[in-house]
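Step one of this worksheet: look at the structure below.
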Amino acid sequence: MAYSEKVLDHYENPRNVGVIDDDQSVGTGMVGAPACGDVMKLQIKVGDNGIIEDAKFKTYGCGSAIASSSLVTEWVKGKSLDEASEIKNTHIAEELSLPPVKIHCSVLAEDAIAAAIENYKQKNQ
Amino acid sequence: MSSVKLPIYLDYSATTPIDERVAAKMAEYLTVEGQFGNPASRSHEFGWKAEQAVDLARQQVADLIHADPREIVWTSGATESDNLAIKGAAHFYRKKGNHIITVKTEHKAVLDTCRQLEREGFEVTYLEPENNGLIDIDKLKAATTDDTILISVMHVNNEIGVIQDIAAIGEFARDRKIIFHVDAAQSAGKVEIDMEALKVDLMSFSAHKIYGPKGIGALYVRRKPRVRLEAQMHGGGHERGLRSGTLATHQIVGMGEAFRIAGEEMASDNDRIRMLRDRLYNGLKNDEEVYINGDYEHRTSGNLNISFNYVEGESLIMALRDLAVSSGSACTSASLEPSYVLRALGRNDELAHSSIRFTIGRFTTVEEIDYTIDLVRKAVEKLRALSPLWDMYKDGIDLNSVEWVAH
């Protein structure tokens with residue numbers, strides 16, 4: 001399968017790989033399942049002003065899944081929670097030129113953002 | 001290390017390059033300067049010469065497996081041989097019974113052919129292999145009924161390289177007067193096959209897995225005791241009516257030459273290839289959470305199928321772009337199903353998704369293997385650093401206890 005330049009770039013040089021130490025200001029989302037070949041873990045650290053100041057990911061999955069999660073860590077940073085939840089799989093798929101069989105990777109990345117935001121909100125009700 | 005030419009081909013079970021000696025022989029049967037005649041032309045020298053070439057090749061194929069050349073039927077490849085053997089025998093012996101036994105880890109050429117026969121009203125049992133990929137002959141015996149007319153078991157598995165005990169299965173099948181078919185596409189030229197000793201009735205062969213051309217294969221059809229088949233391809237009555245169609249002289253000559261070379265060089269090739277395979281395995285096996293798929297001892301010399309737990313196969317293949325290998329994760333094709341062969345061994349989905357098949361062959365070098373070891377270890381390390389599953393494993397979390405948010 002031919003990968004787009006952007007997928008290759010994110011795959012070779014993934015941005016924001018890692019783990020953020022958990023506390024009240026951190027939201028963690030983990031989506032997917034090993035059996036399906038994709039698990040994405042996305043963490044966001046939200047500042048007092050409600051802006052996402054840091055994001056980290058770890059992903060078990062194909063190159064497109066790794067690239068999708070790397071990309072969303074870049075995109076969510078500096079955004080409010082509402083703005084971050086506006087990021088849709090179509091944007092991710094378009095940015096990375098994902099072929100149809102890899103659209104599920106972008107869907108998973110969108111789910112990961114939603115799960116991380118949800119987790120943060122639960123902690124900060 | 002810098003002297004290694006990239007990419008490195010380690011997919012010899014998918015196909016092999018044609019040996020130069022084979023290509024040279026084939027080239028003699030193509031042009032107006034060569035022997036281009038139709039082997040079925042009985043009225044002139046062009047035909048006779050082509051027929052001689054076909055006869056020699058038939059002898060060469062028969063010699064490798066200690067068979068009579070009259071037992072060799074040319075086909076377009078192992079897929080067609082499997083179709084002819086299974087459908088041909090099932091249709092011919094339909095009046096005796098309608099039950100067929102095969103194994104879940106067979107090649108699709110066998111499984112899909114059996115599915116077709118199910119649609120035609122046959123009953124098929126798909127045996128589950130043991131966790132090492134080998135079948136338990138007692139389970140095969142237990143699955144047999146008075147209606148069983150055909151057993152089809154592959155000799156060497158294409159994914160995991162394990163060698164089934166076709167001698168023992170043959171004894172049982174002959175005893176019960178059940179036709180026994182073996183797909184030997186992955187074993188000919190790698191494992192000894194002696195048709196005088198084996199009680200195998202039908203055996204499928206391919207040329208391109210052993211340095212011959214693509215598009216040519218053969219089916220062995222036993223003469224004593226005689227096995228009958230219903231033809232699947234009708235026409236000019238070639239191959240004693242079993243497979244009509246003008247014989248592809250150059251392909252046949254290539255297959256014959258490839259089988260001749262295999263007969264002469266199998267022992268030395270195997271020693272060298274096994275040394276390389278063991279070197280590769282030894283270079284990888286000491287890392288954490290590395291699993292061999294399939295029995296290591298009862299395995300063809302060139303196969304190493306190995307899972308790197310917590311690393312997804314397709315991303316690993318991507319990291320290994322300098323290697324031509326294949327993955328048990330079918331994510332690479334449109335479906336997201338992991339390898340049905342590994343699943344049948346009882347491997348969980350993670351390990352099935354994490355598998356890589358390396359297959360080594362005649363032209364693989366020590367330098368290539370050493371380069372491969374280095375590259376694979378670095379790639380696995382890199383991807384584990386990215387893997388949330390690896391972190392969980394390191395934290396002592398049992399992944400089976402996690403409730404996954406699956407799609």
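Read the figures in this text as sums done on the coordinates, not as results from a lab. What you see is a predicted model, and the numbers here were worked out from it, not measured in a lab. As a convention, Cβ positions derive from the backbone with ideal geometry for all residues, glycine included, and neighbour counts pool all protein chains shown.
Derived scalar couplings between HN and Hα for the range A:3-16 equal 9, 6, 4, 5, 4, 4, 4, 5, 5, 6, 10, x, 8, 6 Hz in order, rounded to whole Hz, by the Karplus curve 6.51 cos²θ - 1.76 cosθ + 1.60 (θ = phi - 60°), x for Gly and Pro. With a 10 Å cut-off around each Cβ of B:312-322, the average count of Cβ atoms from other chains is 5. Using a cutoff of 8 angstrom between alpha carbon atoms and counting only pairs six or more residues apart, the relative contact order for the range B:34-156 works out to 22 percent. Residues whose amide H lies under 5 Å from that of B:V124, counting only those 5 or more places away or on a different chain, are B:I100; hydrogens are built 1.01 Å from N in the peptide plane.
Across all directions, the average flat footprint of the convex hull enclosing the Cα atoms of the range B:213-371 is 13.3 nm².
Using only alpha carbons, the range B:3-106 has a radius of gyration to Kirkwood radius ratio (Rg to Rh) of 1.09.
Between B:D112 and B:E265, the contour length at 0.36 nm per residue exceeds the Cα-Cα span by 51.7 nm.
Going through the cross-link list B:K104/B:K141; A:K6/A:K102; B:K141/B:K199; B:K190/B:K285, which pairs have a Cα-Cα distance over 22 Å in this structure?
Listed pairs above 22 Å: B:K190/B:K285.
Using the alpha-carbon positions of the protein assembly as shown, Rg (one decimal) and Dmax (whole number) come out as 27.1, 95 Å. What the phi angles of the range A:44-60 give under the Karplus curve with 6.51, -1.76 and 1.60, with θ = phi - 60°, is a coupling list of 10, 10, 9, x, 4, 7, x, 9, 6, 9, 8, 8, 9, 9, 9, 9, 9 Hz, glycine and proline written as x.
Separation of the range A:25-44 and the range B:271-310, taken as the distance between their Cα centroids, equals 32 angstrom. For the range B:67-131, evaluate the Debye formula with one uniform point scatterer on each Cα (no solvent term) and list log10 I(q)/I(0) at q = 0.16, 0.19 Å⁻¹, rounded to two decimals. Per q value, in the given order, log10 I(q)/I(0) is -0.59, -0.78.
In the elastic network of chain B, a GNM with C-alpha springs shorter than 10 Å, the most mobile of B:R272, B:R240, B:R228 is B:R240. Averaged over the residues of peptide B:387-399, the number of Cβ atoms from other protein chains lying within 10 Å of each residue's Cβ is 3.
Convex hull volume of the Cα atoms in the range B:284-407, per residue, in Å³?
128 Å³
Mean per-residue shielding of peptide A:92-103 is 1, counting Cβ atoms of other chains within 10 Å of each Cβ. Maximal additional length on extending the B:A143-B:E289 stretch stands at 49.0 nm, based on 0.36 nm per residue less the C-alpha distance. The 3J(HN,Hα) values that the Karplus relation (6.51, -1.76, 1.60; θ = phi - 60°) gives for the range B:72-84 are, in residue order, 9, 10, 6, 9, 8, x, 5, 4, 5, 4, 4, 4, 5 Hz. Gly and Pro appear as x. When all alpha-carbon pairs of the range A:1-94 are counted, what percent fall beyond 16 Å? For the range A:1-94, the share of Cα pairs beyond 16 Å comes to 55 percent. Against the main long axis of the alpha-carbon atoms of chain B, helix B:108-119 sits at an angle near 70°. The Stokes-Einstein estimate for the range B:51-102, based on a Kirkwood radius over Cα pairs and taken at 20 °C with 1.002 mPa s viscosity, is a diffusion coefficient of 167 µm²/s. Separation of the range A:1-24 and the range B:40-82, taken as the distance between their Cα centroids, equals 56 angstrom. Under the criterion of Cα pairs below 8 Å and six or more residues apart, the relative contact order for chain B equals 21 percent. Amide H contacts of B:S327 (H built 1.01 Å from N, in plane; Pro and chain starts excluded): B:R357 sit under 5 Å, all sequence-distant by 5 or more or on other chains. Cα extents for the range B:122-165 along the principal axes, largest to smallest and rounded to whole angstrom: 32, 18, 15. Taking label positions 7 Å along the Cα-Cβ direction at both B:D398 and B:K5, the computed distance is 5.2 nm, reported to one decimal. Using a cutoff of 8 angstrom between alpha carbon atoms and counting only pairs six or more residues apart, the relative contact order for chain A works out to 31 percent. Spin-label model, B:A40/A:E86: points 7 Å from Cα along the beta carbon direction are separated by 7.1 nm. Here the scattering of chain B is modelled by Debye summation over its C-alpha atoms, one equal scatterer each and no solvent; at q = 0.13 Å⁻¹ the log10 of I(q)/I(0) is -1.12.
Potential lengthening of the chain between B:Q52 and B:R70 amounts to 5.1 nm, from the contour at 0.36 nm per residue minus the alpha-carbon distance. Take the Cα of B:R279, go 7 Å toward its beta carbon, and the backbone nitrogen atoms of the range B:341-360 under 14 Å from that spot belong to B:360. Between the amide H of B:I135 and those of B:E130, B:D165, distances stay under 5 Å, these residues lying 5 or more places away or on another chain, with hydrogens modeled in the peptide plane. Helix-only arithmetic for chain A: the sum of -39500 (n - 2.57) across DSSP H runs with n ≥ 4, divided by the residue total, places the mean residue ellipticity at 222 nm at -13500 deg cm²/dmol.
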